[in-house]
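The values are calculated or read from the model by the stated rules, or taken from the named source; none is laboratory data. These figures come from a predicted structure and were not determined experimentally. All Cβ positions, glycine included, derive from the backbone under ideal geometry; neighbour counts span all protein chains shown.
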């Protein structure tokens, strides 16, 4: 989807992928953090929407 691995940034600079041990959101896993905001209950559709929004 992103075409990058951990510790890499997309060529257009829109996304950097960093692994984390804990976001403190186990009850809403899987989760991610985007610009300091924690996003829970991620699924393929939600992740596609987030990536499209970030890249627009």
- Item | Subset of the stretch 5-17 [more than 20 Å from residue 45 (Cβ to Cβ), surrounded by 10 or more Cβ atoms within 10 Å (Cβ to Cβ) and either at pLDDT 95 or above or in contact with a helix residue (DSSP H, G or I) (Cβ under 6 Å, 6 or more places away or on another chain) (or both)] | 8, 9
- All positions within the stretch 33-43 that are surrounded by 10 or more Cβ atoms within 10 Å (Cβ to Cβ) and either at positive phi or without any contact (Cβ under 8 Å) to a residue 12 or more places away in the chain (or both): 39, 41
- What tally of residues in the stretch 20-45 results from selecting those that are under 23 Å from residue 5 (Cβ atoms) and part of a helix (DSSP H, G or I)? 2
